[in-house]
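A short write-up of the structure that comes next.
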Amino acid sequence: MSAIATFLKHYFYLYENSYIEELDDDYTSSVVRALLENNNEDVNAKDNNIHETPAFTIAIRMGLIETVKVFIEFNVDVNITDKDDTTPLMNAAFNNEVDIIRLLCEQDTLEINAQDYSGATALLYTTDENAIDAARVLIINGANPTIQNENEYTASIVARENEFIQLAQLLEFAEEQYNFNS
């Protein structure tokens, strides 16, 4: 198991169980930097849990932007996936981590329209938690709102079904603009 993934998982466990009051991004970024510099850790290492979660994704789920920057500095694969083909961007979108989404979108190698095992994109992940700010940033950065998942649903259809009206309207407008410009 990756020392970085182990550290991040244990640190998050302490936070979730109220052993520590808040996550300290400066602390986690310095520990991750030290592990990458001094222990020859693999920046793309994955946890050995059932989902094979990349350490990079764990940092994104925790909302640790400074730690995410360290991974990027050490040339992490920003499109690295877990066992279900879920990308770091999808995790950031699901958690409405707008600043992390912006940071990922600045990376030339980012595949903004990558799809997981069910055909879902990062834009579709915004419809699970009504992450309208995340959707807006993804659209501005070129996410394709017309991509359908394996059930042939676009993000706007899922948002409408989940009764996220403002998000559905944003996605429908983006679809219209995308179709008009295609």
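Coordinate-derived values only; no laboratory data. Because the structure is predicted, anything quoted here is derived from the model rather than measured. FYI the Cβ positions are ideal-geometry reconstructions off the backbone, even for glycines, and counts take in every protein chain you see.
Key figures
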quantity: FRET E, pair Asn49, Asn141, Förster distance 35 Å, beta-carbon r, rounded to 0.05; calculated: 0.70
quantity: Max mean-square fluctuation residue, GNM over the chain, Cα-Cα springs under 10 Å, options Ser156, Ser18, Ser30; calculated: Ser18
quantity: Cα-centred dipole magnitude for region 1-77, charges only on beta-carbon of K, R (+1) and D, E (-1), debye, nearest 20; calculated: 180 debye
quantity: Viscosity 1.002 mPa s, 20 °C: Kirkwood-radius Stokes-Einstein D of the chain over Cα pairs, µm²/s; calculated: 127 µm²/s
quantity: 0 to 90° range, to nearest 10: angle between helix 25-38 axis and the chain longest Cα axis; calculated: 60 degrees
quantity: The chain: relative contact order in percent, alpha carbon pairs under 8 Å with at least 6 residues between; calculated: 14 percent
quantity: Gyration tensor (alpha-carbon) shape descriptor, region 97-182, a/c threshold 1.5; calculated: rounded
quantity: Cβ-defined net charge surrounding Thr28, 13 Å radius [Lys, Arg +1; Asp, Glu -1]; calculated: -1
quantity: Exposed GluC sites (Glu not before Pro) absent: longest stretch of the chain, with sites in DSSP loops and at most 15 other Cβ within 10 Å deemed exposed; calculated: 53-105
quantity: C-alpha long axis of helix 3-16 to longest principal axis of the chain, angle in °; calculated: 70 degrees
quantity: Net charge of Cβ neighbours under 12 Å - reference Ala5; Lys, Arg +1; Asp, Glu -1; calculated: -2
quantity: Anchor Lys46: lysines whose Cα lies under 17 Å away (excluding residues fewer than 8 positions away in-chain); calculated: Lys9, Lys83
quantity: Whole-number percent relative contact order across region 1-77, with pairs defined as alpha carbons under 8 Å at least 6 apart; calculated: 38 percent
quantity: Rounded tilt (10° steps) of 165-181 against the dominant C-alpha axis of the chain; calculated: 70 degrees
